[in-house]
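Report on the structure given below.
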Amino acid sequence: MPHQQRSAYNFATRSRLGRAHSDGQDTHWSLRTVLPCFTFILPEMKLLRVFSLAVLFAVSLGAQTANSKPDPPASTVQMLLPSHGSTLLGIFYLAAGAGPHPTAIILHGFPGFEQNLDIAQALRADGWNALAMHYRGSWGVKGDFSFQHAAEDADAEVRFLLDPANAQKYHVDPRHIILIGHSMGGFMAASAAAHNPQIIGAVLISAWNIGDDYDSHRHVGAKPPSIANEAKSLESDGNLVPLAGTTGEALAKEIRDHKHDLNLNNLAPAIASRPVFIITANEGLAPADHALAEALRKAGDTHVTERHWDTDHSYSDKRAELIQAILNWTQSDLR
């Protein structure tokens, strides 16, 4: 094609895209109408390069948006957890977000009418996972109930959370696991902390020093300590109704025969390296729990916190204060 015809063809083609002018050598066009803030003139190839980069950026941004997943919301999972040939039943409150999240194991008392699930819900709202299970032989879980079995089940719950596959599945931070136990669960929390050094702290709410029962006369009062009197106390208030494979006499004998292993104070040296929050009420457990605090301090624990409320064993009129105190403790003593 002659030079004059090529110039005319290029001019016509470019004129359809934008304004053009001739400098006598070649034809150029202006981008003023496309990008008003610019007053410079871009050659055609630079325009195509900018346009291509813009398209690639838009496509990449769209792909990232399409592939990104929103953080999971808070959820509640019905749990089946293996322990010594049985399957523990319970519930796992999972915090919102991808995590990993600090996680609390909440251990109920004897037999477990009060489960402290309001504490679990409050912890979840504060970014914690909270696992609450029933022991073997309690509340429909197959197996025989005993204090030894309950302690083994508490250890099984800790091992379950520390398992890498379970930690990943439930967004658990294995470096931030605590134990919260009420009454008999207070002993189980201290026991599991003693057996598992990965636990970073424990909250003991009106903890029952099981092994001290015969010496303290707490259950039998003025009556002489005996298996029969201890058994009668353990059977009161329908305590054995949710339990299987045991009797008041069997549990009373277990306390007598294993009082050293079931004494809270004997666990102090094994848990003294970690923060412990000891909470007491007016039901008669406060002196024994204060003795545990002193045993922990004697063993070198410099992070023992004590709090007492003028209330009953279930903290019936202090639930909000109890929850807030635990939340405050997790935000101060565990850091």
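Values quoted throughout were computed directly from the atomic coordinates according to the rules given, and no laboratory measurement underlies them. Computed from a prediction, not measured in an experiment: that's the story for all the values here. All Cβ positions, glycine included, derive from the backbone under ideal geometry; neighbour counts span all protein chains shown.
Going by the alpha-carbon gyration tensor, a ≥ b ≥ c the square roots of its eigenvalues, is segment 153-292 rounded (a/c under 1.5) or, if a/c is not under 1.5, prolate (a/b greater than b/c) versus oblate?
Values: a/c = 2.38, a/b = 1.70, b/c = 1.40.
Because a/c hits 1.5 or more and a/b exceeds b/c, segment 153-292 counts as prolate.
Sorted by packing (mean other beta-carbon atoms within 10 Å per residue), highest first, where do 159-165, 170-176 land?
Working: 159-165: 14.9, 170-176: 17.6.
Top to bottom by mean Cβ count within 10 Å: 170-176, 159-165.
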Problem - Karplus-derived HN-Hα couplings along segment 283-291 (A = 6.51, B = -1.76, C = 1.60, θ = phi - 60°), whole Hz, x at Gly and Pro - result: 7, x, 8, 4, x, 5, 6, 5, 4
Problem - Spread of Cα-to-Cα distances over 5 Å intervals beginning at zero, given as percent, for segment 240-321 - result: 3, 13, 17, 15, 17, 18, 12, 4, 0
Exercise for the section: For segment 226-241, just list the computed ³J(HN,Hα) in residue order, Karplus coefficients 6.51, -1.76 and 1.60, θ = phi - 60°, integers in Hz, with x standing in for Gly and Pro. Expected result: 7, 4, 5, 5, 5, 4, 4, 5, 5, 7, 5, 6, x, 4, 8, 4
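Among the listed pairs Lys223/Lys318; Lys142/Lys253; Lys142/Lys318; Lys223/Lys298; Lys253/Lys298; Lys169/Lys318, give every one whose C-alpha distance is greater than 25 Å. Don't skip to the end; give the middle numbers.
On the way: Lys223/Lys318 32 Å; Lys142/Lys253 22 Å; Lys142/Lys318 34 Å; Lys223/Lys298 33 Å; Lys253/Lys298 31 Å; Lys169/Lys318 35 Å.
The answer is Lys223/Lys318; Lys142/Lys318; Lys223/Lys298; Lys253/Lys298; Lys169/Lys318.
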Completion exercise
Taking alpha-carbon centroids only, segment 243-266 lies from segment 128-182 a number of Å equal to 21
Handout entry: Paramagnetic reach from Ala125 (point 7 Å along Cα→Cβ, amide N under 18 Å) across segment 84-112
Key = 93-97, 104
Practice task
Could you rank the peptides 69-76, 319-326, 205-212 by their average count of other C-beta atoms within 10 Å per residue, with the highest value first?
Solution key: 205-212, 319-326, 69-76
Completion exercise
Label model pair Lys69, Ala96: point-to-point distance (7 angstrom along the Cα→beta-carbon line) in nm is 1.8
